[in-house]
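Notes follow the structure.
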Amino acid sequence: MKTAYITGGSKGIGLGVAQSLLEDGYKVAISGRSLDALQEAEKLLDSEDVLAIQSDVKNHGDEEAAINQVIDTWGQLDVVIANAGVGHFKTIEDISTEEWNDVIDTNLTGVFHTTKASLPHLKKSKGYLITIASLAGTNFFKFGSAYNASKFGLVGFTQAVMLDVRQLGIKVSTIMPGSVSTYFNNHTPSDADAWKIQPEDIGKMVVDLLHMNPRTLPSKIEVRPSMPPQK
């Protein structure tokens, strides 16, 4: 049975991807900073094939320990979903150094930590790395200096890594969603979010990528709601 590791796996997109991978027969490790949220996610996923690991992607040692726990538990690592992300949305005058660092260190450097820790094992399995970026990685917007910088950087990082490792048999893709119904930025999903991309939609997309013929690599995927409300 193949295994997957998902950062930011306790809510939103990460949780939706975890559910889709479980349904596809994977053993799934989810990580996050909040132990309470991870334990709640374990209950929701309700599977003996789930492993919850407390880890902060901003800390390289945490990610190394998390990956090692996956290997110690299941003996292999086939898929990594680098999904953990945060956002602080303020003008450049108002955003603090601490908020800037939180966004960059989580959304960009955190993916570097996850990638570096997992690459030796993905080389062995000829595995797949998928980063969850955003349309904010190609479309800039007001109050988005930190978030845009992190996601523009993540798209570039992922595409460069794809070129670095494809001859090693590792596939790399980035998914760039638009509006998704999640708890991101203290939002609480409701019926009013029905028009948005749902977490399970991203989960289905991940599964589709994993089942694509190995000769073909969709390296960058933009995905957006098909019919957003008219302004």
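Sorted from longest to shortest, the spans of the Cα atoms of the chain along the three principal axes equal 47, 37, 35 Å.
The long axis of helix 60-74 is offset from the longest Cα principal axis of the chain by roughly 40 degrees. Look at the dipole of the range 3-223 built from charges on Cβ: of LEU217, PRO120, GLN198, the Cα furthest out on the positive end belongs to LEU217. Ranking of ILE92, ILE71 by neighbouring Cβ atoms within 10 Å, starting from the fewest: ILE92, ILE71.
Sparse packing (at most 10 other Cβ atoms within 10 Å of the Cβ) combined with a DSSP loop state is found for the following trypsin sites (Lys or Arg not before Pro) in the range 69-171: LYS142. About its Cα centre, the range 3-223 has a charge dipole of approximately 920 debye under the convention of +1 per Lys or Arg Cβ and -1 per Asp or Glu Cβ, with nothing else charged. With a Cα cut-off of under 19 Å and a minimum spacing of 8 residues unless on different chains, the lysine pairs in the range 88-231 number 17.
Computed over the chain, the per-residue total of -39500 (n - 2.57) for DSSP H runs of n ≥ 4 gives a 222 nm mean residue ellipticity of -13000 deg cm²/dmol, rounded to 500. By the count of other C-beta atoms within 10 Å, a proxy for reagent exposure, LEU22, LEU38, LEU168 are ordered fewest to most as LEU168, LEU22, LEU38. Between ARG215 and ASN59, the distance separating the two model label sites (each 7 Å from Cα on the Cα→Cβ line) works out to 4.7 nm. Residue order for ILE221, ILE53, ILE202, fewest other beta carbons within 10 angstrom first, comes to ILE221, ILE53, ILE202.
Coordinate-derived values only; no laboratory data. Just so you know, these numbers come straight off a predicted model, no measurement behind them. Virtual Cβ from ideal backbone geometry, glycine too; neighbours counted across all protein chains shown.
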